[in-house]
1. Say whether the condition of being under 15 Å from ARG105 (Cα atoms) and part of a strand (DSSP E or B) is met by at least one residue in region 14-31.
2. Identify, please: which residue in region 318-345 is away from the ligand (no atom under 16 Å from the Cβ) and of a type in the set (Val, Ile, Thr) and is, among those, farthest from the chain's Cα centre (by Cα)?
3. Six or more apart or on different chains, Cβ under 6 Å: which pairs go from a residue in region 1-29 that's in contact (Cβ under 8 Å) with a residue 60 or more places away in the chain and more than 14 Å from the ligand (Cβ to nearest atom) to one that's of a type in the set (A, V, I, L, M) and part of a helix (DSSP H, G or I)? Could you list them?
4. Are any of the residues in region 309-325 crowded, with 20+ Cβ neighbours inside 10 Å, assigned to a strand (DSSP E or B) and not aromatic (Phe, Trp, Tyr)?
5. Please determine, by comparing only the residues of region 97-141 that are in contact with a Ser or Thr (Cβ under 9 Å, 6 or more places away or on another chain), assigned to a helix (DSSP H, G or I) and acidic (Asp, Glu), which one is nearest to ARG189 (Cα to Cα).
6. Yes or no: region 38-46 includes at least one residue that is within 16 Å of the ligand (Cβ to nearest atom), among the β-branched types (Val, Ile, Thr), within 15 Å of PRO118 (Cα to Cα) and out of contact with any strand residue (DSSP E or B) (no Cβ under 9 Å at 6 or more places or on another chain).
7. Do the conditions hold for THR297, that is, is it of a type in the set (S, T, N, Q) and surrounded by 15 or more Cβ atoms within 10 Å (Cβ to Cβ)?
8. Is it true that some residue in region 156-179 is more than 19 Å from the chain's Cα centre (by Cα), surrounded by fewer than 19 Cβ atoms within 10 Å (Cβ to Cβ) and in a helix (DSSP H, G or I)?
Amino acid sequence: MARIQLHPDFIWGAATAAHQVEGNNINSDYWAIEHAPNTPFVEPSGDACDHYHRYREDIAMLARLGLNAYRFGIEWARIEPEEGHFSISELDHYRRVLAACHENRIAPIATFHHFTSPRWVAAEGGWEDPKTAERFARYCEHAVKHLGDLIHTACTINEANLGAYLYLTGETREKIDPARSRWFAAAARKAGADPDRFAPFLMCHQMKARDTMLLAHRLSAAALKSSPHMFPVGITLALADFQPEPGCEQRVAAIRAECQDIFFEAARGDDFVGVQTYTRQRIGEKGVLPPEPGAETTIMGYEFWPEALEPTIRYASKMAQVPVIVTENGIAATDDTRRVEYVRRALNGVARCIRDGIDVRGYCYWTLLDNFEWNSGYKPTFGIVAIDWKTQERTPRPSARWLGEIARANAIETED
Ligand code: BGC
């Protein structure tokens with residue numbers, strides 16, 4: 001076992017996404033979907049963690065815990081609620097969030113797209129339409145003019161490969177058929193869209209969306225890099241550790257090629273690649289295999305497999321050939337001791353990567369606060385901080401203090 005002392009600038013963060021924590025993201029496509037009859041969302045996002053108003057106390061808490069970075073979302077649907085209308089007051093809101101990070105000596109890592117888009121974008125062909133790539137880059141350009149001087153690191157798109165990944169591993173259909181899915185047609189109408197043109201990310205033709213995402217990354221990264229403030233820019237990717245059953249190696253290679261490798265190639269010109277790993281996925285002849293009987297699973301139903309992080313960092317580094325930041329890694333658990341165990345083992349993997357010379361620049365836990373876990377609502381508790389949903393009171397869990405101490409010591413162990 002070796003103890004690795006990390007670079008003084010190593011990023012120790014916790015991550016959130018605007019829609020999942022801010023509350024009342026009413027101009028977004030997902031808000032319309034959450035409120036459609038027969039929606040697949042078990043509950044709407046509503047006030048969420050009211051982070052839109054409570055960001056100051058949340059950022060101060062993150063700093064008190066001992067972390068030095070905060071990865072959060074800048075919400076396109078707030079900044080450009082109607083095409084071409086850029087809200088200065090919303091941009092000022094995010095300026096205040098960024099300033100609060102600096103006041104607390106927290107490095108702000110801003111994500112410009114995390115699943116949600118303005119309703120008008122989804123209504124105008126959304127992520128199936130290559131024009132959305134230009135629309136997205138234009139919003140990034142406006143945002144960065146207003147905010148660029150305060151940004152430490154920028155992520156263009158969160159898990160831009162997720163739709164393709166879910167489709168290729170057989171977890172979603174190619175396209176939600178508006179005729180068959182009454183909720184989809186209703187959600188489209190709520191968003192003022194023709195159901196045939198309504199295309200929110202993750203709920204549209206996944207392979208068309210993949211290509212739009214790739215283009216959107218390229219154009220938005222260029223827009224962000226045009227800022228005179230020289231912060232690093234990268235994309236973040238959903239990277240399960242694919243493990244082929246015997247005889248399925250080719251199948252896995254083909255899946256990887258289409259939903260990982262093509263994105264790693266796109267990341268080659270960037271300053272880093274964001275690795276987001278939660279578990280392994282065993283792939284058999286018919287697709288993803290469920291966890292083996294008796295295997296420990298998390299609230300999400302994923303296999304408890306913290307060892308997935310190490311191979312995905314190694315693969316990302318080899319393929320993208322740029323530094324790696326772990327922009328998400330975490331677990332939804334009722335027992336906080338399992339969270340500590342999960343992160344401890346995941347960090348052992350990070351330590352082994354660094355020992356072997358891989359340039360890993362940071363680790364962000366998903367997530368700071370229990371929050372709106374998309375379709376699954378508020379039940380899955382990923383947070384290192386619990387929330388009382390009646391009072392919005394925040395209570396750090398023991399795992400938060402444990403992680404904060406590791407961050408303060410800035411050292412991790414290989415344990416092998
Ligand atoms: C997403 C988060 C999500 C987390 C846990 C990631 O895919 O970026 O928004 O909450 O996984 O499911």
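1. Yes, the conditions are met somewhere in region 14-31.
2. Among those residues, the one meeting the criterion is THR337.
3. Between residues of region 1-29 that are in contact (Cβ under 8 Å) with a residue 60 or more places away in the chain and more than 14 Å from the ligand (Cβ to nearest atom) and residues that are of a type in the set (A, V, I, L, M) and part of a helix (DSSP H, G or I), the close pairs are ILE4/ALA351; ILE4/ILE354; TRP12/ALA407; ASN27/ALA77; ASP29/ALA122.
4. Yes, that holds for at least one residue.
5. GLU128
6. Checking region 38-46: not a single residue is within 16 Å of the ligand (Cβ to nearest atom), among the β-branched types (Val, Ile, Thr), within 15 Å of PRO118 (Cα to Cα) and out of contact with any strand residue (DSSP E or B) (no Cβ under 9 Å at 6 or more places or on another chain).
7. The answer is no for THR297.
8. no
Values quoted throughout were computed directly from the atomic coordinates according to the rules given, and no laboratory measurement underlies them. What you see is a predicted model; the values in this text were computed from it and never measured. Cβ coordinates were reconstructed from backbone atoms using ideal geometry, including for glycine residues, and neighbour counts include every protein chain displayed.
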